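See below for the structure under consideration.
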Amino acid sequence: MFAHSLFFLLKCLGMSFRVSPLLFALITLSIISPNPLWAESRGQISAPEFYKQSLLNGMEILFLPGSEPRAPFVLMIKNGAAFDPIEKWGVTYLTTWMILEEAENQSGLPIQRNLQQLGAELHFEVEWDAIFFFGSAPIDRVVDVLSLLGEMIVRPKFLEETFERLRDQLVQEIEKERKHPQVLTQELFLAELFQANPYAHSVKGTAETLRNLYLTDLKIQYRKLFLPNQAQLAFYYSGDRDGVFTALSRRWGSWVKNKPLPFTFRKAEPPKGQRILLIDSPSADSLFRWGNLSVEKGSRDYYALKILEQYLTLSLPAWADQIASENQIQASFQLEAGIMPGYLQLKIQAPAQQLMAYFQKLEDWVQDLQDGRIDVQKFEEAKQLAHLELTASLEQPVPRLYRLLETNLYNLGINFITHYGTRLNRVTPKHFANVVQRYVSLQNFLLLVAGPSDQLKAELDEIGSVKMR
């Protein structure tokens, strides 16, 4: 899910209330344009221009024309941390990190040093459904950089001393992160929501599962997941495409294909009844995470839920105005969707004495939608925001690569992009209300609260049975 969330970070508008930059863009455009943006038609969206060639081992290379001084690139390998063996959570993340850290060229020199000399940037991200290597290079050196990346992935080095150092470093990083309420509550939220489903676990694993790993586990995971017939490389180029393809084939073509692991779907059950968890925290600003399971990326209901995501984003400022005159809250509502069902989550951080007032506003809001009381103008604005989220990403070089690759990752096809606006338009208020009833329940939900228990527990007991964590 890295591809959809990395580039749409929240910004601050007004006082301390946080809103989506897409909402900010919509407000700005409505001010400078004589016709509101949401009044324009939303037809087909132009897909990125690209040319695809395949190596004999099944790896696909996507060429996008570009002439900027630096050329971004993204390598995606289908299959991610959802394939971590039970009790070995984090093995895919550590294996990926090890590949970049330990690599040497054929002369025994560190490849990272070569990348620096070429002016390249290289990073990685492990998600549940895929592994991503991404970065940029001077456009006249991008072939050299991608060849070095191929050397790292096709011929990785796995040394015991490097493994132990990185494992210990990752354990320390995880233990430090879990001291922050934002990280801890998100991990507990996913664990409680997904239960036995792989999405319940952090892609980095836990201190306990990482200590269970041996170097052999990383070598086995590499052989299982790092396959050319599961890989797509997308980048911008200029010049002779055939020459570029031939040059890349020399390194990437030696990557040996194999039969990929089947994606085993492990069903996640929506909460039965109200699951309420309370973490005693002395923080002045408490927070709650409220949500439920939603859909996989290719579901028909996905489009209505994308509208719901923006509809609530538009509603949140009014809640803050009614509850706190200074608007001292941070709030976001997100929809995550992947190969397996994703989730809906509302996060609100506010003073402890205001937290339950926001929950009451949420209950009232959900009840209005389920009863069919929909603000039609806000509904149309939310459609436009959902549309703008996609089109804005296609205008930026790196997000454009991710949008293109995710159509393959989630088996959506390029029509997912071209028909996105049309499918949003087909969502009627009636269908919208039905989807809300199906996925946003006042009877079945997960509520996780972090704050002073002496102030919050009594109020939470009025909602339902509270479990202390």
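The values are calculated or read from the model by the stated rules, or taken from the named source; none is laboratory data. Quick caveat, the model's predicted, so the values are computed rather than measured. Methodologically, a virtual Cβ is constructed for each residue, glycine included, from the backbone with ideal geometry; neighbour enumeration extends over all protein chains shown.
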Suppose we filter PHE163, PHE194 for residues that are under 30 Å from PRO399 (Cβ atoms) and hydrophobic (A, V, I, L, M, F, W, C); which single one remains?
PHE194
Please work out which residue is surrounded by the fewest Cβ atoms within 10 Å (Cβ to Cβ), limiting yourself to region 51-68 and to residues that are at pLDDT 95 or above and assigned to a loop (DSSP other than H, G, I, E, B).
LEU56
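Counting just the residues of region 128-152 that are part of a helix (DSSP H, G or I) and of a type outside the set (Val, Ile, Thr), which one comes out farthest from MET59 (Cα to Cα)?
Initial filter on region 128-152 (part of a helix (DSSP H, G or I)): 142-152.
From what is left, the residues that are of a type outside the set (Val, Ile, Thr) are 144, 146-152.
Working: ASP144: 18, LEU146: 14, SER147: 14, LEU148: 16, LEU149: 14, GLY150: 12, GLU151: 15, MET152: 16 Å.
Out of the qualifying residues, it is ASP144.
Is it the case that some residue within region 154-161 is in a helix (DSSP H, G or I) and over 29 Å from LEU56 (Cα atoms)? Working first, answer last.
Our first condition is that a residue be in a helix (DSSP H, G or I); within region 154-161, this holds for 154, 160-161.
If we keep only those that are over 29 Å from LEU56 (Cα atoms) as well, we get 160-161.
Among the residues of region 154-161, at least one is in a helix (DSSP H, G or I) and over 29 Å from LEU56 (Cα atoms), which makes the answer yes.
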Could we say that GLU125 is of a type in the set (D, E, K, R), buried (at least 16 other Cβ atoms within 10 Å of the Cβ) and assigned by TED's automatic domain parsing to the domain that holds ASP84 here?
yes
Residues in region 155-176 that are at pLDDT 95 or above, out of contact with any Leu (no Cβ under 6 Å at 6 or more places or on another chain) and of a type in the set (Val, Ile, Thr): how many?
1
Go through region 121-137 and count every residue that is at pLDDT 95 or above and farther than 15 Å from THR96 by Cβ.
2
Restricting attention to region 347-370, does a residue exist that is surrounded by 15 or more Cβ atoms within 10 Å (Cβ to Cβ), assigned by TED's automatic domain parsing to the domain that holds LEU424 and part of a loop (DSSP other than H, G, I, E, B)?
no
What number of residues in region 181-207 are more than 21 Å from TRP97 (Cβ to Cβ) and outside any helix (DSSP H, G or I)?
3
Search result, residues across region 52-65 that are over 26 Å from the mean Cα position of the chain (by Cα) and not hydrophobic (A, V, I, L, M, F, W, C)
GLN53, SER54, ASN57, GLY58, PRO65
